[in-house]
Amino acid sequence: MASGLLVGVNMYKEIYNSWLISNKLSDIDREELKKIQDEKDIEYRFGKDLEFGTAGMRGIIGLGTNMMNIYTVNRATQGLSEYIKSLGQDAMKRGVVISYDTRRFSYEFAYSAALVLVSNGITAHLFDDVHPVPMLSYAVREMNKVAGIMITASHNPKEYNGYKVYGEDGAQMSPEATNEVVKFINEIGDCTSDKIICNKSESKKIKKVKKSIDKKYYKTIKKLSLSKEAVKSVGKKIKLVYTPVHGSGYVPVTTILKMMGIKATLVPEQIKKDTEFSTVEVPNPEVKETLTLAIAMANFKGADVVFGTDPDCDRLGVAIRNDEGEFEALSGNQIGALLLDYVLTRLKETGSLSENGFAVKSFVSTSLAKLIADDYGVELMETPVGFKFIGEKIKQFDDTGKKQFVFGFEESCGYLRGTHCRDKDAVVASMLFAEMVCYYTYNAISVYKRLQDLYLKYGYIFDTNVSIKYSGLNAMKDMNAVVDKMKSLKVDEIGGLKVEATRDYSVAKRTANDGTVTDIDSPTTNAVYYELEGGSFICIRPSGTEPKLKVYYSLKCQDKTVAQTLFEKVKLSFESLMNN
């Protein structure tokens, strides 16, 4: 269940007019609304409520019920407050910790959320400066909070902001808890409702997060280091360029690298907190172009590796030199496979690899991960897209002592080692990748060479995804309709590759090509997954954070050249099925 239902025809205009006369709006906001002349713009802004789902809210910044603004943030926080109050006095006393990144209005939204909480008698701790997702997740558990709020739109363009809610386990709020919060939000009514309690006179009750939380976080993640001898030997010789892309990663990433003894050269233009992200088209380190300035700096300095993190520092992008000395931007799948292999290699070499060890990846992430995990005798679990599901596996198995969590990742440049937080952690990933560079340098090979060795050992895996953009109020409905249509098709082959089984994650069922149906041990989500001969797959799903229909291709081939040709053939065939 999620909020965000479309309103009736012409009702959006009534809601727009009700905002104009509401005493909750500031004079500045009211004047801004009056200036809107485009009817389609009014309809988009007021045609529905901004959806609150298991990933919280994310939308374009602006006035309206379907936009990110103080009023939608306060409405969501009032719903969260009602949920916490329903849990009792202890939950209210434990309260909520709040963080934010460098985006437009991130601090204002975070402060307003804190004000709503304390106005409702709930303890609220607010970081006094930008802090990334992993440090917020860590703080929730370390401070024994009942929930956490992170104001961020992650890697989205500058026009967006968002509101993530975390449960007491440090993972993004569970679907069950989210449903309860949504019920309370819906009972509030409009964003200008008198049920929303936000008293400026209560501001003194907002508490600051103690600096000791940062120190404990760094101390905790440093213990996850796996190659101290190699770092000590070559760490000072490694040349690394890092860019926080104007985001919250600047302080934590440079701090942990310095603690390790690895010096990073920074991209000066991208250190400052810039709400416009003026040096990049999008602040997304998955995109090679986002690393352009860092790669230029690396070439000038003769560096070995380039790191880039997104505004909330939960994603890490990496570029390394190939055999020709040119920088190649690695995909999230390649980074994930390299880190998984490195972690398992070092755990095995040091005799620390548990017999009950397990790794986790999203089911759209590279099939190379299973080949690596199987080789080390480590169980690999799969989850739907969304790091909260990886967090749930940690809670289910590691927290209970049944198994030991080794590593988790998603193809969208999200990685986690350790159980200190339950979301993607680009600070830990930066530390691990930096020491991995040290480890392979110490052993007289490059990271690029190690990647090629993995392909030689397990077979070349070509991983990519294609995003199809949608727009308008019905974007999510239209995307789901395409996925639903694919469920109704019987597909025997795609681009000449035989379909061995089809997984429908909306009902958690797998249908083999002989008609045999079995259950999938997975939370349900709207996605269709085709298992192809030879260990390849294709998956289609709507994005949960932006209006994009995503198609994932993982093709096992002889080499890169063959893979590119096969991909074009398979892509053409699959798009024909989609458009049929």
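Details
- Only one entry in Glu349, Glu379 is open to solvent by 10 Å² or more (accessible area, probe 1.4 Å) and either free of Cβ contacts under 8 Å to residues at least 24 places away in the same chain or in contact with an Asp or Glu (Cβ under 9 Å, 6 or more places away or on another chain) (or both), namely Glu349.
- Here is the figure for segment 218-238: residues that are open to solvent by 10 Å² or more (accessible area, probe 1.4 Å) and small (Gly, Ala, Ser) total 2.
- Residues in segment 17-56 that are acidic (Asp, Glu) and under 29 Å from Lys164 (Cβ atoms) were compared, and the one that is modelled with the lowest pLDDT is Glu51.
- Residue check, Ala177 more than 18 Å from the chain's Cα centre (by Cα), among the aliphatic types (A, V, I, L, M) and either closer than 17 Å to Arg422 by Cα or open to solvent by 20 Å² or more (accessible area, probe 1.4 Å) (or both): yes
- Candidates Tyr470, Tyr529, Tyr505, Tyr458, filtered to the one that is surrounded by fewer than 19 Cβ atoms within 10 Å (Cβ to Cβ) and touching a residue at least 24 places away in the same chain (Cβ under 8 Å): Tyr470
Rundown of residues vs (1) of a type in the set (S, T, N, Q); (2) assigned to a loop (DSSP other than H, G, I, E, B); (3) open to solvent by less than 20 Å² (accessible area, probe 1.4 Å), yes/no style:
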{"residue": "Gly64", "(1), (2), (3)": "no, yes, yes"}
{"residue": "Thr77", "(1), (2), (3)": "yes, no, yes"}
{"residue": "Ile84", "(1), (2), (3)": "no, no, yes"}
{"residue": "Lys93", "(1), (2), (3)": "no, no, no"}
{"residue": "Ile98", "(1), (2), (3)": "no, no, yes"}
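- Helices (runs of 4 or more DSSP H) lying entirely in segment 423-523 (those with 3 or more residues that are in contact with a Pro (Cβ under 9 Å, 6 or more places away or on another chain)): 426-442, 475-487
- Taking first residues from segment 186-211 that are free of Cβ contacts under 8 Å to residues at least 12 places away in the same chain and partners that are assigned to a loop (DSSP other than H, G, I, E, B) and surrounded by fewer than 13 Cβ atoms within 10 Å (Cβ to Cβ), the Cβ contacts under 9 Å between residues at least 6 apart in sequence or on separate chains come to Lys211/Asp128.
- Out of Ser112, Ser154, one residue alone is touching a residue at least 60 places away in the same chain (Cβ under 8 Å), at positive phi and either polar (S, T, N, Q) or assigned to a loop (DSSP other than H, G, I, E, B) (or both). It is Ser154.
- Only a single item in (1) touching a helix residue (DSSP H, G or I) at 6+ places or on another chain (Cβ under 8 Å); (2) closer than 17 Å to Gly336 by Cα; (3) part of a loop (DSSP other than H, G, I, E, B) is not met by His420, and it is number (2).
- Leading residue by the ranking (farthest from Ser412 (Cα to Cα)) among those in segment 288-308 that are open to solvent by less than 50 Å² (accessible area, probe 1.4 Å) and part of a loop (DSSP other than H, G, I, E, B): Gly302
- Filtered by the rule that a residue be of a type in the set (A, V, I, L, M) and open to solvent by less than 10 Å² (accessible area, probe 1.4 Å), segment 119-140 gives Ile122, Ala124, Val133, Met135, Leu136, Ala139, Val140.
- Val306 at pLDDT below 95, of a type in the set (Val, Ile, Thr) and more than 21 Å from Ser99 (Cα to Cα): no
- Helices (runs of 4 or more DSSP H) wholly inside segment 172-238 that include at least 2 residues being under 24 Å from Gly95 (Cβ atoms) and at pLDDT 95 or above: 175-188, 212-222
- Residue in segment 252-270 that is free of Cβ contacts under 8 Å to residues at least 60 places away in the same chain, farther than 23 Å from Ala329 by Cα and among the hydrophobic types (A, V, I, L, M, F, W, C) present: yes
- The conditions of being under 29 Å from the mean Cα position of the chain (by Cα) and open to solvent by 90 Å² or more (accessible area, probe 1.4 Å) are met by Lys215.
- Subset of segment 239-266 [open to solvent by 10 Å² or more (accessible area, probe 1.4 Å), in a loop (DSSP other than H, G, I, E, B) and modelled with pLDDT of 95 or more]: Lys239, Gly261
- Residue within segment 26-42 that is within 30 Å of Asp214 (Cβ to Cβ) and assigned to a helix (DSSP H, G or I) present: no
- The condition of being open to solvent by 40 Å² or more (accessible area, probe 1.4 Å), acidic (Asp, Glu) and part of a helix (DSSP H, G or I) holds for only one of Glu269, Glu281, Glu276, that being Glu269.
- Some residue of segment 397-406 being at pLDDT 95 or above, assigned to a helix (DSSP H, G or I) and surrounded by fewer than 24 Cβ atoms within 10 Å (Cβ to Cβ): yes
- Enumeration of residues in segment 141-166 that are open to solvent by 10 Å² or more (accessible area, probe 1.4 Å) and of a type outside the set (D, E, K, R): Met143, Asn144, Val146, His155, Pro157, Tyr160
- The number of residues in segment 482-495 that are of a type in the set (Gly, Ala, Ser) and either at pLDDT 95 or above or open to solvent by less than 50 Å² (accessible area, probe 1.4 Å) (or both) comes to 1.
- Given (1) closer than 24 Å to Lys388 by Cα; (2) open to solvent by 30 Å² or more (accessible area, probe 1.4 Å); (3) assigned to a strand (DSSP E or B), index of the condition Phe537 fails: (2)
The values are calculated or read from the model by the stated rules, or taken from the named source; none is laboratory data. What you see is a predicted model; the values in this text were computed from it and never measured. Cβ: placed from backbone, ideal geometry, glycine included. Neighbour counts: every protein chain shown. Side chains are part of the model used for accessible areas, which takes the heavy atoms of the whole protein and leaves out ligands, DNA and RNA. Shrake-Rupley method; radii C 1.70, N 1.55, O 1.52, S 1.80 Å.
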